[in-house]
Each structure stands twice: as structure tokens, then as C-alpha cells.
Amino acid sequence: MINRAAIILKYKEPAIRWVNDSDLTDVIDNTEITEEEINNERTVYLISDEDAETDESVSQWVELNYLNMFQNELDSWITDESMWPQNLTLMLFYEWFDVECHTMIVDTVSDDPILDDEDDLPFEVLH
């Protein structure tokens, strides 16, 4: 086990609608991504054990970091920020995503240590 917890965002209908309305890659074949498809492969955000101790501490962490996660999720679909919603508020974040917190993280790759690749971090986490 490692001393981290995980935040995983589950896309809700308004976010799925935005992806389908904004994603130009599927316009040609007229397909829309489904809720099952969009939530099949999700980003995992590792947080400290302390930030995951209670529902209140998770909520506080999300309040401090929602904008970075929101931007990261939008950027994974559309890199052109002019196509993003204008006001990325906490309320909009919760309208678009359910937040799951998982506190049991087991590293099963004992012979390959977890490395910090700072150049690829999508955002700076606030505590």
C-alpha cells in the first residue's frame, strides 16, 4: 500500500453533452460518445492520505483544486481554450462531474519504483 488516496472524476450528462458538441473528430461519422465510453478510462488524481481522511477534507481539497482538474479534463478533449465554458466555477464542476475518492491504493509493481516526472505534471496541486 502507498500513502496516497485517489480522486477520480465521473463525467455527468452536461460534460458528456459538451464533449459531443465540441469534439470535431467524430463529426464525420456522426457518432457520439456515450456515458459508459467516456467513463471507461478516467484520470486518477493522487492526493495525500490526510486530504482523504474525511468527506469534509476531500471536499476542501476539491474546492482548492477543482479548477486545475477541470482544466485538465477539458484539455484532454479540446486543447483550444476558446471552446471551453467561460466560467469554470465550483458549481459547474459539480454539475459536470461526480467526485469519487478511493483510499486504498496498492502498488503491485514492487520492483519498479514510482517516479516523480515533474515535467509532465498537468497542474500544481494546492493543499
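The values are calculated or read from the model by the stated rules, or taken from the named source; none is laboratory data. Just so it is clear, the model here is predicted, and its values are computed rather than measured. Note that each Cβ is placed from the backbone with ideal geometry, even for glycine, and that neighbours are counted across all protein chains shown. The area values use the complete protein model at the heavy-atom level, side chains included, leaving out ligands, DNA and RNA. Shrake-Rupley method; radii C 1.70, N 1.55, O 1.52, S 1.80 Å.
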Yes or no: segment 78-89 includes at least one residue that is at pLDDT below 95, farther than 19 Å from ARG17 by Cβ and of a type outside the set (D, E, K, R). yes
Could we say that ILE16 is modelled with pLDDT of 90 or more and closer than 24 Å to ASP107 by Cβ here? no
State the number of residues belonging to segment 57-73 that are under 22 Å from ASP21 (Cβ atoms) and without any contact (Cβ under 8 Å) to a residue 12 or more places away in the chain. 0
Take the residues of segment 60-79 that are touching a Leu at 6+ places or on another chain (Cβ under 9 Å) and β-branched (Val, Ile, Thr): which is most open to solvent (accessible area, probe 1.4 Å)? ILE78
Which condition number in (1) open to solvent by 30 Å² or more (accessible area, probe 1.4 Å); (2) out of contact with any Lys or Arg (no Cβ under 8 Å at 6 or more places or on another chain); (3) not hydroxyl-bearing (Ser, Thr, Tyr) is the one that ARG42 fails? (2)
Which ones in segment 94-112 are among the aromatic types (Phe, Trp, Tyr) and either under 10 Å from the mean Cα position of the chain (by Cα) or at pLDDT below 95 (or both)? PHE97
From the option list SER57, SER82, single residue qualifying as surrounded by fewer than 11 Cβ atoms within 10 Å (Cβ to Cβ) and assigned to a helix (DSSP H, G or I) is SER82
